[in-house]
1. Relative to the present Cα-Cα distance, how much length would full extension add between Gln882 and Asn765 at 0.36 nm per residue of separation?
2. Given R₀ = 45 Å, FRET efficiency for Met862-Tyr642 by Cβ-Cβ distance, to 0.05?
3. Once R0 is set to 56 Å, what does the formula 1/(1 + (r/R0)^6) return for the Cβ-Cβ distance between Arg730 and Met240, expressed as a FRET efficiency to the nearest 0.05?
4. For a paramagnetic label modelled at 7 Å from the Cα of Ile406 toward its Cβ, which residues of region 426-458 fall within the zone defined by backbone nitrogen distances under 12 Å?
5. At a 1.4 Å probe, what is the % contribution of carbon and sulfur to the accessible area of region 222-270?
6. Where does each of 420-433, 548-561, 95-108 land if you order them by average Cβ count within 10 Å, highest first?
7. Pop out the ³J(HN,Hα) list for region 700-714 in order, Karplus 6.51 cos²θ - 1.76 cosθ + 1.60 with θ = phi - 60°, rounded to Hz; leave Gly and Pro as x.
8. Considering just Cα atoms, how many Å³ per residue does the convex hull of region 120-218 enclose?
Amino acid sequence: MKKHDEMGKLRHHHLILLLFILFSCLSIEQNKVYVQGTTTSNKSRKTTSSFDVGVILDNKTWLGNISWSCMSMAMEDFYNSHSNFTKRLSLHLQDVNEDDRIASASAALDLLKNVQVQAIIGPQTSRQAKFVIELGNSAQVPIISFTTKSPSLSTKQSPYFIRTGMNDTSQAKVLASLVQTFGWRQVVLIYADTEFGNGIIPHVIDALIEINARVTHRSPIPITANDEAISKELEKLKDMQTRVFIVHMPYSLGFKVFSNANKTGMMNQGYVWITTYGLTDIVDLYGSSATSIMQGVLGIKPYVREDNPRLQNFKARFVKKFKLENPSAQVSEPLTVFGLWAYDTVWSLAMAAESVSSANYTFLMNNVRKNSTDLESIGKSQIGPELVQWISNIAFDGISGRFHLIDGQLKTNNFEIVNVVGNGRHRIGFWTPANGFSMELNAKKNVKVEVINWPGTDSAHVPPRGWEWPTNGRNLSVGIPVKDGFREFVNVTANDSSIRPTGYCIDVFDKVMAALPYKVNYTYEYFVNETGEMSGSYDDLIYQLYLKRYDAVVGDITVIANRSQYVDFTVPYTESGVSMVVPVKDRRRKNAWTFAEPLSTSLWIASGVFFIFTGIVVWILEHRVNLEFRGPPSNQIGTIFYFTFSTLVFAHRGSMKSNISRIVLIIWLFVVLILQQSYTASLSSILTVEQRQPTLTDFSELLRCKSKVGYLVGSFVLRLLKGSNFDESRLIPYKTPDEYDEGLSSGTVAAIVDEIPYLKAFLHNHCGKYTMVGPIYKTNGFGFAFPIGSPMVADVSRAILNITENKAKMADLDQRYLYDYEACSIEEGGSSSSMITFKSFSGLFLITGVTSMLAFLIHISMFFYQNWHNVRDADPELSFGQRLLLLIKYHDRPDLQCADAFKEKKEEEEMVALEMQSPVSTSYKGHGDHVVGKHDDDDDDDDDDDGDARTPSEGEGTPGREIGGPFPDPPSFADMLSHSRGHGSA
């Protein structure tokens with residue numbers, strides 16, 4: 001392998017030698033110029049030594065001419081200010097054509113072999129530099145270049161290559177920042193098909209990817225291309241939708257490109273042109289001939305501080321010298337940054353040469369064989385390694401800024417962005433790694449876009465959107481599907497293209513196009529075959545967009561992953577998901593026990609418990625003071641149940657004697673009222689309103705029941721159903737909503753599985769018979785399709801969001817084409833249960849329960865307080881249980897404070913009894929009325945004494961005669977109690 005590598009190197013050397021020999025045989029003679037550093041002191045001249053340096057430039061080009069002039073002035077300035085230096089640079093210029101790689105290699109060989117230069121400045125182009133760098137590595141001679149910017153020339157891989165100018169990789173981030181600032185997402189690269197042109201391309205692409213932009217097309221143009229070839233390439237670019245062009249090429253080729261761009265109309269409004277540095281200098285070098293064809297172009301240029309006194313002095317002297325040497329040149333600004341780098345390069349090399357310790361400038365010759373080539377006889381520089389180290393470590397403030405090499409090349413951080421306007425250019429901002437594109441150098445301040453002039457505009461204008469679609473005045477070709485069913489979405493007349501299509505999707509697309517910030521002309525084209533039927537499936541329609549038959553596709557197109565591999569979708573404009581429609585029916589059966597359905601079991605039990613509890617509390621509160629709550633135990637139990645349940649229909653009789661029991665009763669009646677009204681309303685709903693519920697409530701239930709399922713023909717739903725393990729024999733395709741209705745009504749299918757927008761359209765006319773259950777699958781809804789990378793996708797998506805967020809606009813479309821969701825949901829809402837639960841009344845039960853318990857506690861507390869002395873004064877031998885039993889017996893007795901009430905009640909009862917037992921007649925005139933009945937003896941005696949005539953008893957009988965008289969007052973409860981105590985004591 002090693003031997004093979006050596007043979008390869010030998011062949012390579014032979015090739016270079018052959019090129020050198022061929023070049024030497026040419027009749028073209030190279031011009032050689034010699035410049036040596038001098039001072040005004042004769043004494044110093046005698047004590048200095050010459051340090052030979054080769055220079056390879058094309059002095060017939062602007063770049064070469066300006067660079068050589070700057071280098072000559074640098075020699076003079078340096079040694080005038082460093083007169084004590086003992087080593088003087090001697091510049092040996094080889095003037096070669098910048099496009100001739102062979103000439104540059106021959107010049108380098110001549111300088112190394114015949115002059116034995118210690119360093120070479122140049123060559124001028126990256127293509128030439130490759131050969132010269134290899135020679136420098138072989139001879140250990142530093143190759144110093146300030147014009148070769150191509151990243152393909154690596155200072156790390158070539159130890160003797162030093163770049164004292166800019167590396168094109170530093171421009172990549174600047175270009176990306178410009179693109180990002182103005183919101184462009186697509187770029188076309190136009191570049192010279194050379195080492196210089198191709199080197200930057202990968203770095204620009206990577207930088208654009210980082211900001212989510214991309215290169216849609218790369219257009220390499222040969223360096224020798226004529227106007228015809230360039231014009232043909234530009235016409236091809238003109239037909240593309242991207243309008244942002246980045247141009248990276250030399251002056252001469254760049255001038256041709258912009259001249260032809262003007263002729264083809266590509267410098268008009270809507271186009272964006274950005275030039276890299278060195279093409280940016282073409283405006284200064286070519287003057288009005290360049291500005292007239294580059295109006296509105298943006299350019300990148302390394303920033304050099306203009307307040308440097310050395311720079312200002314040098315510029316004044318350079319312009320004066322340039323005009324003397326080139327009196328016919330029409331150059332507005334002859335000094336370029338390349339010239340400043342050339343100046344600083346000479347200064348750095350002069351400093352390094354002075355620092356080299358060795359004074360032996362001869363080459364160390366190799367063992368030359370008899371048949372060796374001239375390449376092998378060059379030898380190696382003895383000071384080359386040391387010289388490279390000194391140059392790499394030198395740092396000083398040059399006229400171009402701070403001169404300091406990092407990894408063998410000058411670091412360029414700051415750039416200025418210029419705009420070609422009128423007869424020159426003006427700065428519109430800066431770019432720095434810290435702040436990006438900014439109005440100020442060291443602060444983040446957004447650039448004012450109104451100060452920028454764009455191509456095709458006479459004054460400040462808003463930034464172009466960076467694309468145009470369709471191009472060349474064409475209308476946007478929009479493909480739409482044609483089918484029989486679901487015309488709510490796309491309704492077309494296939495055999496008459498003059499009738500404009502309508503439908504939900506068409507109306508949304510029209511509104512979206514009208515909402516764009518620019519006008520787009522478009523025409524609808526039907527996806528049909530010769531017979532007027534749809535020419536394939538929806539996937540086929542999408543594929544036609546991929547084949548560029550259409551510019552966009554509009555319709556009921558669902559956004560799915562498989563289709564997104566061929567096109568770009570906008571955001572969805574419909575509700576997403578796949579659901580199913582099933583029939584609804586009244587699930588509630590009406591029978592003998594329907595009356596119990598309004599209340600839940602827990603509420604029935606709680607109501608009964610509180611009825612009994614409230615009755616017991618009221619009985620306890622009224623038992624001692626209300627005669628209606630006294631009597632035998634069986635009578636009292638009946639009273640409790642009768643009283644409390646009669647409140648349910650508000651049929652309770654009698655009055656409450658206790659204020660506490662009245663409060664309990666009022667609270668309880670309020671609870672009963674609410675419970676009664678709720679029960680009545682719920683029962684009415686059950687008996688009169690159909691309780692509509694879906695026949696199927698879950699997709700898994702549909703899968704288990706083995707019933708047949710319907711789907712829309714051509715829909716991707718078929719794949720979803722098969723993926724859910726539905727047997728294909730169970731799947732029935734339908735084309736129209738009417739077929740959906742027929743299949744569900746006849747029971748052919750148990751459900752229709754489809755996308756939600758289709759089901760909404762179906763329910764628009766069948767809302768009462770069916771309901772939607774789901775969603776069962778998550779999809780992205782309907783979207784508009786565009787070619788991959790189309791810049792319209794972002795703008796259309798934003799317009800869709802603005803329209804869909806406007807509820808009024810979307811509600812109008814939904815009600816016109818789809819179904820009214822609220823109206824349907826009211827009917828479907830009947831499927832919810834009308835049963836009242838205990839939870840709904842827990843608050844009321846809590847209120848009445850707490851009220852009753854507080855009333856009971858208050859009553860017991862008051863009773864204990866009033867009667868505890870009776871228990872306390874009783875027989876001391878009684879146990880606690882006996883005392884408690886005694887207290888209960890006291891509670892069972894009537895309250896003495898309410899004796900009048902008992903008396904009145906008893907009188908009323910006796911009067912009723914007497915009226916029922918004795919017939920009544922009219923008394924004799926002059927005689928008083930008497931009560932017929934059994935009386936005590938004392939009373940009889942009194943009657944005999946008082947009456948004038950004696951009234952016969954009923955036993956004596958006087959048929960047909962009414963007997964009347966006043967009733968005697970019955971004994972009071974206190975008299976009866978005293979009487980009983982008297983008997984007891986007797």
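The values are calculated or read from the model by the stated rules, or taken from the named source; none is laboratory data. Everything quoted here is computed from the prediction, not taken from an experiment. Reconstructed Cβ throughout: ideal geometry from the backbone, glycine too, with neighbour counts over all protein chains shown. The accessibility values were calculated without ligands, DNA or RNA, using every heavy atom of the protein model including side chains. Shrake-Rupley method; radii C 1.70, N 1.55, O 1.52, S 1.80 Å.
1. That works out to 33.9 nm of additional length.
2. It comes out at approximately 0.95.
3. E between Arg730 and Met240, to the nearest 0.05, is 0.65.
4. Under 12 Å, as judged by backbone N against the label point of Ile406, lie 433-434 of region 426-458.
5. Of all accessible area on region 222-270, carbon and sulfur atoms account for 51 percent.
6. 95-108, 548-561, 420-433
7. Each residue's phi maps through the Karplus curve to give 5, 5, 5, 5, 7, 6, 6, 7, 7, 10, x, 8, 8, 4, x Hz.
8. Roughly 86 Å³ of hull volume per residue.
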